[in-house]
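Just passing along the structure, written as structure tokens.
The numbers here are math on the coordinates, done by the rules we state, and not lab data. Everything quoted here is computed from the prediction, not taken from an experiment. Glycine also receives a Cβ, built like all others from the backbone with ideal geometry; neighbour counts cover every protein chain displayed.
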Amino acid sequence: MLTQAFAADSAWNETHWTNERFNQLLVEARAELDNAKRRAMYVEMQQLIHDEGGFVCPAFRNWLMATNDKLRVSDRIAGDAPVDGNRNAERWSFA
């Protein structure tokens, strides 16, 4: 997602944000095998987006999706499957 939305040369970089350090980290993090080092790189990239990026996220969904072997789901599911068009109370049931 960081590549698609925030890389300088990405077609989906809608804010046209460019940061040399971010792009360097993005490439290096893909090749880093040490989990702790890679994590630190991703943390720094996210901090750069937070501090200098142009992206504004006005809200976050507060929904949880879970599954269970006892859950029955209708054959008809809306395009937004996790919430089934807000009709999951009508179409889903426990066996």
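Taking Cα atoms, how many degrees apart are the long axis of helix 20-31 and the longest axis of the chain, rounded to 10 and kept between 0 and 90?
60
In degrees, nearest 10, range 0 to 90: what is the angle between the Cα axis of helix 35-52 and the longest Cα principal axis of the chain?
Helix 35-52 sits roughly 90 degrees off the main axis of the chain.
How would 51, 69 line up from fewest to most surrounding beta-carbon atoms within 10 angstrom?
Going from sparsest to densest Cβ surroundings: 69, 51.
Would you calculate, for the chain, the mean residue ellipticity at 222 nm contributed by helices, counting each DSSP H stretch of 4 or more residues as -39,500 (n - 2.57) and dividing by all residues, to the nearest 500?
That comes out to -12000 deg cm²/dmol.
Would you compute, for the Cα atoms of the range 2-52, the largest minus smallest coordinate along each principal axis and list the three values in descending order, in whole Å?
Cα extents, longest axis first: 31, 20, 14 Å.
Show me the chymotrypsin sites (Phe, Trp or Tyr not before Pro) within the range 32-65 that DSSP assigns to loop and that have at most 11 other Cβ atoms within 10 Å of their Cβ.
60, 63
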